[in-house]
Each structure stands twice: as structure tokens, then as C-alpha cells.
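S.K.: For reference, the structure I am asking about is given below.
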Amino acid sequence: MLIRSQNKQMLVNLEKISGIEVAGQGSEMCIVARDPKTAYLLGAYGDLQGNIQVLDMIQEAYTEAEFAKATIVETVKAFKETPRTELDEKLIEAIRKTFAENMRFQMPQDDKVKR
């Protein structure tokens, strides 16, 4: 899964990082992704509650992405075993688009996080 930073200037591949955490204190709190050498600023949400809520959103998106990956493998197998119709092609395209959407997460703007 990819995460696009709050300022939209960075993409982070979750498979390449060791963790995501809330860093800093008080009004300087932010969410960072870490690999062994670097911390990447993903976004800042003003207080602990806002940052935790965004971590919850990332967790949910990751869970959905993992489920989508598992589901798509079985779906592709089923489509390979039967002749395709025009409806099948449309269904495959809809599944592909949904899968692609589930494989990326846009860090929300601060004003979009409910506290």
C-alpha cells in the first residue's frame, strides 16, 4: 500500500518502512513513517487525539488493502477458468479500479479529522 503525505509531495511504500508512529510533543505532534535510516513526515494533526485518529484510518486502509489483495487472487483465478463476456470485462475493470483505490491512502488535511 502507498501512503501519500498530507502535503501531497511524497509517496511512502508501506512494504519498505519499519513503522508509522506519532512523534513530537504538544502542538508539534506529527505522524512519521520510519525506515532504518530515515523518518518521513506524513502529516500533522495538532493534538494526540487527531494523530491517533489518522493512525486508525491508516490501519483500517491497510487492513482493507490486504483483504483486497487476497480477494483479487481468487477472483482472477475464477475469471481465468471461464470464457469472458463483455459483462465480465466490465466487471474486471471495476474490480481493478477498486483494487487500485484500496492500495493507496491519502493523508487527510487537518480540518478533515474529527476530534
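The values are calculated or read from the model by the stated rules, or taken from the named source; none is laboratory data. All of these numbers come straight from a predicted model, not from anything done at the bench. Cβ sites come from the backbone with ideal geometry, for glycine too, and all protein chains shown count toward neighbours. The accessibility values were calculated without ligands, DNA or RNA, using every heavy atom of the protein model including side chains. Shrake-Rupley method; radii C 1.70, N 1.55, O 1.52, S 1.80 Å.
S.K.: Within region 83-99, how many residues are under 22 Å from Phe67 (Cα atoms) and among the polar types (S, T, N, Q)?
M.R.: Of the residues in that region, 1 qualify.
S.K.: Cβ-Cβ distance below 9 Å, separation of 6 or more or different chains: which pairs start in region 46-59 with a residue that is more than 11 Å from Val22 (Cβ to Cβ) and of a type in the set (Val, Ile, Thr) and end on one that is open to solvent by less than 60 Å² (accessible area, probe 1.4 Å) and not in a helix (DSSP H, G or I)?
M.R.: Ile58/Met1; Ile58/Ile3; Ile58/Ile20; Ile58/Ile31; Ile58/Leu42; Ile58/Phe105; Ile58/Met107
S.K.: Among the residues of region 95-115, write down those that are without any contact (Cβ under 8 Å) to a residue 24 or more places away in the chain, over 20 Å from Gly50 (Cα atoms) and open to solvent by 50 Å² or more (accessible area, probe 1.4 Å).
M.R.: Those that are without any contact (Cβ under 8 Å) to a residue 24 or more places away in the chain, over 20 Å from Gly50 (Cα atoms) and open to solvent by 50 Å² or more (accessible area, probe 1.4 Å): Arg96, Lys97, Glu101.
S.K.: Answer yes if at least one residue in region 60-69 is among the aliphatic types (A, V, I, L, M) and at pLDDT below 80, and no otherwise.
M.R.: So far as region 60-69 goes, no, none of its residues is among the aliphatic types (A, V, I, L, M) and at pLDDT below 80.
S.K.: I'd like the full set of residues that are open to solvent by 60 Å² or more (accessible area, probe 1.4 Å), of a type in the set (A, V, I, L, M) and farther than 30 Å from Ile31 by Cα, limited to region 56-92.
M.R.: Matches in region 56-92: Val73, Val76, Leu87, Leu91.
S.K.: Cβ contacts < 6 Å: first residue touching a residue at least 12 places away in the same chain (Cβ under 8 Å), restricted to region 7-34; second residue polar (S, T, N, Q) and part of a loop (DSSP other than H, G, I, E, B), any location; separation 6+ or different chain. Result?
M.R.: What qualifies is Arg34/Ser18.
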